[in-house]
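Down below is the structure, laid out as structure tokens.
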Amino acid sequence: AAGPAKRGAAGGKASGARTAAPATRTSAILSSKFRSDEKEDESSTRQRREHQKELLDRLHAEGRRRFAGEGGEVSEEAHTVKKFESYKRETAIPRDARSGKIMVDERADTVILPIYGMAVPFHISTLKNISKNDEGEYVYLRLNMVSPGQGVGKKDGAAVDDPAATFVRSLTFRSTDVARMTEIFHGITALKRDQVKRETEKAQLADIVEQDRLVPLVGQRPQRLPDVFMRPLAEGKRFPAALEIHSNGLRYMAAGRGGGAAVDILFNNVRHMFFQPCDKELLVLVHFHLKNPVMLGKKKTQDIQFYREASDASFDETGNRRRRVRYGDEDEIEAEQEELRRRRQLNKEFEEFANRVVEASSHEVELDKPFRNIAFTGVPSRANVLLQPTVECLVHLSDTPFFVLTVADVELVHLERVQFGLKNFDIVFVFRDFKRAPVHVNTVPMKQLDDIKEWLDSVNLVFTEGPVNLNWTQIMKTVNKDPADFYREGGWGFLAQDSDAEDDESEEEESEFSMSEDEAAASESESESDFGTASDDSADFGS
């Protein structure tokens, strides 16, 4: 009686383990031979498919409501007419320019060219490029001007006041004075290079929002996180410094040769704060993802990180005393326990500081942690890195460049190159702001496909899949042309067709190969009769 009772208890435990098993399969080896587990997988897949269809319908309804009554969105930049003014009056033109020679006026960012005996000023912004060629005793300077209708690059489709006007496309000058023409060529090239540099810096600073002033604590010592490094570096070499909590933000005194500079992070400019422990990592860190980018030195950044190394090299184990030389397993075990203790201490110190930041900001800044157990590898930029989901984001914080993607900003996720026989696939994140370019994460292992689908479905993100890579530049151009019409004609349904088709085909294949009860009984009787004949033959052979 004890034997069957034990077996029954063991069977109960086994059935309980089967019900608690995850629905996703992480290996090609089956975890169980029972058909009940396969039915559970099918039911979870069916539930996920129904949930995705519901999310897609909700997304289309919201899109139609968001763009209701709107026509095609025309880019403001494409219709902005840029006007350049070299001189306000004719008398402001330098007198040397009236001598019939080419002149470069750096103060007015202008090139003055002689045309039919007249000095004609051209602003450097109207110049596309310049080339110099030597042919025999002559030197040729060719100046190509910016004009509409060329259709070569993105900047060639510039808007103009009068499209029917006549434009100068190029000008060519010839001279035998090689030194003079070379000097003009270098002067114009340098002027154009400086102008492009200024325009680039101006474009980078376009989204820089002036922050409020940091209000230091008065009458009390601020809470500090000592001896931490900052990434990216403000300037110069890296030196450890303290991160302090003040009334409305944080301050980090970046040390340097020039005395250092203060880096202020205000609570109202922090969108996400992450704490990543040093478990299975070389660093323990606190990371801030900002709402608006700030300038660190001469560079613009939207992510600032403060970290400390957890390796043995950053700790002094000597204790200013003579260390005994010991060898053996005991020494190794003691060193491992000491390292684990140090890592726990580092995690505790950084997490407590992050919680103090949450309290000091009156929960305006919330703490988020990566989930390493559901992480997956991929290539968001150049290298293959570990991407870890959090409550609100998908992040990679261990190395630069950092990767922080907010789930709330994502409209739809498309899985590319999902087909039998491939080892990897790609992920494309399409944002709710259609003017933002989609973000690609390439070379994700195919064995993590089910886990990624489960995570996307758990955070209520619509995902579709397809066998090939798509031209997302052209797709987003079509969507931005008329979003209302895009949603009226089906929206993102064209991406879901591949997924639905595969599901339908699999169901059809199952129905084609399903057998009726009579056919199954007939096949069983045939197999039994065949088996019996074989046994008879073997018996006769033995006799």
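The values are calculated or read from the model by the stated rules, or taken from the named source; none is laboratory data. Not measured: the values here are computed from a predicted model. No Cβ is skipped: glycine too gets one built from the backbone with ideal geometry, and neighbour counts run over all protein chains shown. Note: accessible area is taken over every heavy atom of the protein model, side chains too, but ligands, DNA and RNA are not part of it. Shrake-Rupley method; radii C 1.70, N 1.55, O 1.52, S 1.80 Å.
Cβ-Cβ contacts under 9 Å between residues 6 or more apart (or on different chains), taken from a first residue in region 475-495 that is at positive phi to a second residue that is part of a helix (DSSP H, G or I) and small (Gly, Ala, Ser), are listed as 491/63.
Evaluation of residue 229 against the conditions (1) assigned to a loop (DSSP other than H, G, I, E, B); (2) within 30 Å of the chain's Cα centre (by Cα) shows that the sole unmet condition is (1). Against the test of being within 22 Å of residue 195 (Cβ to Cβ), under 46 Å from the mean Cα position of the chain (by Cα) and either of a type in the set (S, T, N, Q) or modelled with pLDDT under 85 (or both), the options 70, 85 yield a single qualifying residue, 85.
Scanning region 207-217 for residues that are out of contact with any helix residue (DSSP H, G or I) (no Cβ under 9 Å at 6 or more places or on another chain), of a type outside the set (Lys, Arg) and within 19 Å of residue 270 (Cα to Cα) yields 207, 208, 210, 214, 215, 216. Selection of region 89-128 for residues being within 45 Å of the chain's Cα centre (by Cα), touching a residue at least 40 places away in the same chain (Cβ under 8 Å) and at negative phi yields 104, 106, 111, 124, 125, 126, 127.
Here 189, 176 are screened, and the one residue that is surrounded by fewer than 11 Cβ atoms within 10 Å (Cβ to Cβ) and modelled with pLDDT of 90 or more is 176. Name the residue that is least open to solvent (accessible area, probe 1.4 Å), counting only residues in region 138-149 that are of a type outside the set (A, V, I, L, M, F, W, C) and part of a loop (DSSP other than H, G, I, E, B). It comes out as 147. The residue that is surrounded by the fewest Cβ atoms within 10 Å (Cβ to Cβ), among those in region 405-419 that are within 18 Å of residue 444 (Cβ to Cβ) and in contact (Cβ under 8 Å) with a residue 60 or more places away in the chain, is 412.
Restricting region 213-244 to residues that are of a type in the set (Asp, Glu) and open to solvent by 70 Å² or more (accessible area, probe 1.4 Å), the residue that is modelled with the highest pLDDT is 227. Residues of region 245-259 include at least one that is out of contact with any Lys or Arg (no Cβ under 7 Å at 6 or more places or on another chain), open to solvent by 50 Å² or more (accessible area, probe 1.4 Å), modelled with pLDDT of 90 or more and within 22 Å of residue 355 (Cα to Cα). Quick check on region 261-279. Is at least one of its residues more than 23 Å from residue 359 (Cα to Cα), β-branched (Val, Ile, Thr) and surrounded by 12 or more Cβ atoms within 10 Å (Cβ to Cβ)? No, the conditions are met nowhere in region 261-279.
The condition of being farther than 30 Å from residue 102 by Cβ, open to solvent by 60 Å² or more (accessible area, probe 1.4 Å) and among the acidic types (Asp, Glu) holds for only one of 183, 210, 201, that being 210. Of 420, 429, all but one fail to be among the aromatic types (Phe, Trp, Tyr) and within 13 Å of the chain's Cα centre (by Cα); the exception is 429. Restricted to region 243-304, the set of strands (runs of 3 or more DSSP E) holding at least 3 residues that are out of contact with any His (no Cβ under 6 Å at 6 or more places or on another chain) and within 26 Å of residue 386 (Cβ to Cβ) comprises 270-276, 283-296. All conditions but one from (1) modelled with pLDDT of 85 or more; (2) farther than 30 Å from residue 483 by Cβ apply to residue 99; the one that does not is (1). Being open to solvent by less than 20 Å² (accessible area, probe 1.4 Å) and out of contact with any Pro (no Cβ under 8 Å at 6 or more places or on another chain) is a property that residue 399 lacks. Is at least one residue of region 352-362 of a type outside the set (Lys, Arg), closer than 30 Å to residue 494 by Cα and either open to solvent by less than 40 Å² (accessible area, probe 1.4 Å) or touching an Asp or Glu at 6+ places or on another chain (Cβ under 8 Å) (or both)? Checking region 352-362: not a single residue is of a type outside the set (Lys, Arg), closer than 30 Å to residue 494 by Cα and either open to solvent by less than 40 Å² (accessible area, probe 1.4 Å) or touching an Asp or Glu at 6+ places or on another chain (Cβ under 8 Å) (or both).
Tell me whether region 454-462 contains one or more residues that are among the small types (Gly, Ala, Ser), more than 16 Å from residue 405 (Cα to Cα) and surrounded by 14 or more Cβ atoms within 10 Å (Cβ to Cβ). Checked against the condition, which is being among the small types (Gly, Ala, Ser), more than 16 Å from residue 405 (Cα to Cα) and surrounded by 14 or more Cβ atoms within 10 Å (Cβ to Cβ), region 454-462 yields no hits at all.
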